[in-house]
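Colleague: Below are the structure tokens for one structure; questions will follow.
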Protein chains: 2
Amino acid sequence: MGKSKFILIYNALSEKIHKQEIAAGSLLPTENELGEQFKASRETIRKALAMLSRNGYIQKIQGKGSIVLDVSRQNFPISGLTSFRELANHSKDTWRTNVHQLVLMKPDDHLKMVMNLHDDQMVWKVIRSRSVNGEAVILDKDYLIQGLVPILTADICEHSLYDYIENDLGLKIGFAKKEITVEHAGVEDKRYLTMSRDTHVVVVRSLVYLESAELFQFTESRHRADKFRFVDFARREHQ
Amino acid sequence: MGKSKFILIYNALSEKIHKQEIAAGSLLPTENELGEQFKASRETIRKALAMLSRNGYIQKIQGKGSIVLDVSRQNFPISGLTSFRELANHSKDTWRTNVHQLVLMKPDDHLKMVMNLHDDQMVWKVIRSRSVNGEAVILDKDYLIQGLVPILTADICEHSLYDYIENDLGLKIGFAKKEITVEHAGVEDKRYLTMSRDTHVVVVRSLVYLESAELFQFTESRHRADKFRFVDFARREHQ
DNA sequence: TAGTGGTCTAGACCACCTT
DNA sequence: AGGTGGTCTAGACCACTAG
């Protein structure tokens, strides 16, 4: 849960950095000082700092200290798993979700292979489009294993599917493998998306797993190319 | 360096997983057992396991153990910073780099803003294309700060720029911020790339920083859309 | 209940930067 | 030389899963 001491320290420090209460370019207090401030041992402080470093808040330099990085200059979405709803809440635009299809189906061969399904497993297929200011710019095709999600309604799909999954069903998402490619717009794209003169869509295919390591969902998210943007922070692993 | 005990343990275990000496879906030995095997304390083992978890090798489950994930099924490039040369070495295709331009220049206003440069700082501008089996599919435009890279030759640019930077100059890359978008092909794309009937390119813009947190390089990497693929592994942070 | 991973601690030693 | 972060240890307690 969110009550580990090092998570609390991480949250406190990342908030200070976001609010620019600690200036970018300056040094964080030393690990020993932070230990006194938060009444924590040095290893606990170091866990919080390692998390800040992974997420692009600080750069640690041996013998010197932890430099605060400039989080404001770049639009900086902590790269990871965020649902559409979480994204939409951060922006000023009006988003809307339309559910075009919701069926319980027998998976075809391709889907069975991709999701590694048994013969008797049924999946929910959900097709939704996401509109910003009246323009449909994202087409989402979700496939969810019925064994894990027994019931699904259009109403749930129109609001937040992830809310339902995590809060109501109590399932916990663990990780996802994603693949990004660019493809020609297909029939469904033209039907459901407000296509500009562009003829391409960015396709993000994800395999989503629970904390139990069970595969849970396959998603194909098709973005109008001119509206797509992906931001990433990556550290070099010197081994 | 790469001689930390937990890195050695990480390498040993990740290699075993890659070689499928430990089957996907099975459990790793317990942390205490691993501690005995590697003659390390539990916290050191846990550091190695945390790294395996971050990189998609295992899923830890409290009270149960560490499940080995299927690394083989997906083509699985540890998402992070890898240079062109490192990528090319993994594939069977013949790659080739062509240097089209190499100049020391005064940055224009836009570049000065993006890279946060002083008035007197000069930058190396390098334009290169990358060909696979004779087709030019990637166009790289690099801008390197001359204060950090005093000398640069076409020969270096044609071989590995990163080798030179890390081994000869002794600079250490720390992290990068990347942004991926899709854009219409421009004049330069048409000149340097073997364009198929596609009219779009995927543009990856990166700000690359040293371990000292100094900005070092700005890169615009333009990929022929049909040859672009980006794979990512992401964990959900439950806070 | 026993065994697993999750967290936290206090202390030690090393490598690196600064003066 | 003194202070910083980097690593490692041994031990403790908690939370969760299993039989």
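Colleague: Restricting attention to segment A:8-31, which residues are in contact (Cβ under 8 Å) with a residue 40 or more places away in the chain and within 14 Å of DNA strand D (Cβ to nearest atom)?
Modeller: A:Leu13, A:Ile22, A:Ser26, A:Leu27, A:Leu28
Colleague: Going by the conditions given, is A:Glu31 more than 14 Å from every other protein chain (Cβ to nearest Cβ) and out of contact with any Ser or Thr (no Cβ under 9 Å at 6 or more places or on another chain)? Steps first, please.
Modeller: On the way: more than 14 Å from every other protein chain (Cβ to nearest Cβ): yes; out of contact with any Ser or Thr (no Cβ under 9 Å at 6 or more places or on another chain): no.
So A:Glu31 fails the test.
Colleague: Filter segment B:49-62 down to the residues that are within 12 Å of chain A (Cβ to nearest Cβ) and under 27 Å from the mean Cα position of the chain (by Cα) and list them by number.
Modeller: Correct list: B:Ala50, B:Met51, B:Ser53, B:Arg54, B:Asn55, B:Gly56, B:Tyr57, B:Ile58, B:Gln59, B:Lys60.
Colleague: Next question, about the same structure. Do we have B:Arg191 as within 11 Å of chain A (Cβ to nearest Cβ) and open to solvent by 10 Å² or more (accessible area, probe 1.4 Å) here?
Modeller: No; evaluated as a whole, the condition is false for this residue.
Colleague: Could you tell me whether any residue of segment B:97-109 is under 20 Å from the mean Cα position of the chain (by Cα), away from every other protein chain (no Cβ under 14 Å), open to solvent by less than 30 Å² (accessible area, probe 1.4 Å) and modelled with pLDDT of 90 or more?
Modeller: Going through segment B:97-109, the residues under 20 Å from the mean Cα position of the chain (by Cα) turn out to be B:97.
Then keep just the ones that are away from every other protein chain (no Cβ under 14 Å); that gives B:97.
Going one step further and asking which of them are open to solvent by less than 30 Å² (accessible area, probe 1.4 Å), we end up with B:97.
The next check asks that each one be modelled with pLDDT of 90 or more; those that pass are B:97.
Within segment B:97-109, one or more residues are under 20 Å from the mean Cα position of the chain (by Cα), away from every other protein chain (no Cβ under 14 Å), open to solvent by less than 30 Å² (accessible area, probe 1.4 Å) and modelled with pLDDT of 90 or more.
Colleague: Looking at (1) near DNA strand D (Cβ under 8 Å from one of its atoms); (2) among the polar types (S, T, N, Q); (3) open to solvent by 60 Å² or more (accessible area, probe 1.4 Å), find the lone condition where B:Thr44 falls short.
Modeller: Among (1) near DNA strand D (Cβ under 8 Å from one of its atoms); (2) among the polar types (S, T, N, Q); (3) open to solvent by 60 Å² or more (accessible area, probe 1.4 Å), the lone unmet condition for B:Thr44 is (3).
Colleague: Within segment B:162-172, how many residues turn out to be in contact with a helix residue (DSSP H, G or I) (Cβ under 7 Å, 6 or more places away or on another chain) and under 24 Å from A:Ser66 (Cα atoms)?
Modeller: Residues that pass the stated criteria total 2.
Colleague: For segment A:147-188, name all the residues that are surrounded by fewer than 19 Cβ atoms within 10 Å (Cβ to Cβ), part of a strand (DSSP E or B) and either within 18 Å of the chain's Cα centre (by Cα) or not assigned by TED's automatic domain parsing to the domain that holds A:Thr97 (or both).
Modeller: Matches in segment A:147-188: A:Glu179, A:Thr181.
Conditions tested, residue by residue: (1) surrounded by fewer than 19 Cβ atoms within 10 Å (Cβ to Cβ); (2) facing chain B (nearest Cβ under 9 Å); (3) acidic (Asp, Glu).
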residue: A:Met195; (1), (2), (3): no, no, no
residue: A:Thr199; (1), (2), (3): yes, yes, no
residue: A:Leu207; (1), (2), (3): no, yes, no
residue: A:Ser212; (1), (2), (3): yes, yes, no
residue: A:Gln217; (1), (2), (3): no, no, no
residue: A:Phe228; (1), (2), (3): no, yes, no
residue: A:Arg235; (1), (2), (3): yes, yes, no
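Colleague: Run down B:Val137, B:Val132, B:Val103 and say which single residue is under 21 Å from B:Asp189 (Cα atoms), touching a helix residue (DSSP H, G or I) at 6+ places or on another chain (Cβ under 6 Å) and among the β-branched types (Val, Ile, Thr). Walk me through how you get there before you give the answer.
Modeller: Details: B:Val132 fails: touching a helix residue (DSSP H, G or I) at 6+ places or on another chain (Cβ under 6 Å); B:Val103 fails: touching a helix residue (DSSP H, G or I) at 6+ places or on another chain (Cβ under 6 Å).
Result of the check over B:Val137, B:Val132, B:Val103: B:Val137.
Colleague: Sticking with this structure for a sec: Mind listing whichever residues of segment A:176-208 are modelled with pLDDT of 95 or more and farther than 23 Å from B:Val201 by Cα?
Modeller: A:Arg191, A:Tyr192
Colleague: For segment A:48-68, enumerate the residues that are near DNA strand C (Cβ under 9 Å from one of its atoms) and buried (at least 19 other Cβ atoms within 10 Å of the Cβ).
Modeller: A:Ala48, the sole residue that qualifies.
Colleague: Here are some residues: A:Lys5, A:Lys39. Which one is more than 30 Å from B:Ile180 (Cβ to Cβ), among the charged types (D, E, K, R) and either loosely packed, with under 12 Cβ neighbours inside 10 Å or at pLDDT below 95 (or both)?
Modeller: Working: A:Lys5 fails: either loosely packed, with under 12 Cβ neighbours inside 10 Å or at pLDDT below 95 (or both).
That would be A:Lys39, the only listed residue that is more than 30 Å from B:Ile180 (Cβ to Cβ), among the charged types (D, E, K, R) and either loosely packed, with under 12 Cβ neighbours inside 10 Å or at pLDDT below 95 (or both).
Colleague: Is it the case that some residue within segment B:162-183 is within 14 Å of B:Ser129 (Cα to Cα) and either in contact (Cβ under 8 Å) with a residue 12 or more places away in the chain or at the interface with chain A (Cβ under 9 Å from one of its Cβ atoms) (or both)?
Modeller: Going residue by residue through segment B:162-183, those that are within 14 Å of B:Ser129 (Cα to Cα) are none.
There is no residue in segment B:162-183 that is within 14 Å of B:Ser129 (Cα to Cα) and either in contact (Cβ under 8 Å) with a residue 12 or more places away in the chain or at the interface with chain A (Cβ under 9 Å from one of its Cβ atoms) (or both).
Colleague: Let me ask something additional. Looking at B:Leu49, B:Leu34 in this structure, which one is more than 12 Å from DNA strand D (Cβ to nearest atom) and modelled with pLDDT of 95 or more? Can you show your working first?
Modeller: Working: B:Leu34 fails: more than 12 Å from DNA strand D (Cβ to nearest atom).
Only one candidate qualifies: B:Leu49.
The values are calculated or read from the model by the stated rules, or taken from the named source; none is laboratory data. Remember, predicted model here, so these are calculated numbers, not experimental data. Because the Cβ atoms are built from the backbone with ideal geometry, glycine has one as well, and the counts that use them run over all protein chains shown. Note: areas computed on protein heavy atoms with side chains; ligands, DNA, RNA excluded. Shrake-Rupley method; radii C 1.70, N 1.55, O 1.52, S 1.80 Å.
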